[in-house]
1. Among 88, 61, 106, which one shows the biggest mean-square fluctuation in a GNM of the chain, springs joining Cα atoms closer than 10 Å?
2. Anyone know which of 27, 81, 54 comes out most mobile in the 10 Å Cα GNM of the chain?
3. Calculate the length of the line joining the C-alpha centroid of the range 64-130 to that of the range 12-40, in whole Å.
4. Anyone know which of 113, 30, 12 comes out most mobile in the 10 Å Cα GNM of the chain?
5. Kindly identify the range 1-87 as rounded, prolate or oblate by the Cα gyration tensor criterion: order the square roots of the eigenvalues as a ≥ b ≥ c, call it rounded if a/c is under 1.5, otherwise compare a/b with b/c, prolate if a/b is larger, else oblate.
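What follows is calculated from the coordinates using simple rules that are stated; it is not laboratory data. Keep in mind that what you see is a predicted model, and the values were worked out from it rather than measured.
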């Protein structure tokens, strides 16, 4: 599947690269401050800015990784559902409650004539009831 991109077009790899750059920047700031002696206001301000950016990137990276994992799991559930349905040799002649419970997570009633079937694999199917 590859690395999925977030809405701004940033990948996990790019976030890792930026974290590495910021880590190097922090190390440079620490070295500069060690040579200069005591902490200065400019050092503290810059150190705070860089560390805040690093925290934001870590949060974005975590959210992106979670989204990727969710998508992988959803695709896996879809494949399992396809495999299960394809394994049936004959089409159903009547309603099968056990099969229905296995495939459908819930039904959301939209109105008196409309319902959404939410499958366990994450697919949602909106139906007009007659």
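1. 88
2. Of 27, 81, 54, the most mobile in the Gaussian network model is 27.
3. 49
4. Largest GNM mean-square fluctuation: 113.
5. Working: a/c = 5.00, a/b = 4.51, b/c = 1.11.
Verdict is prolate for the range 1-87.
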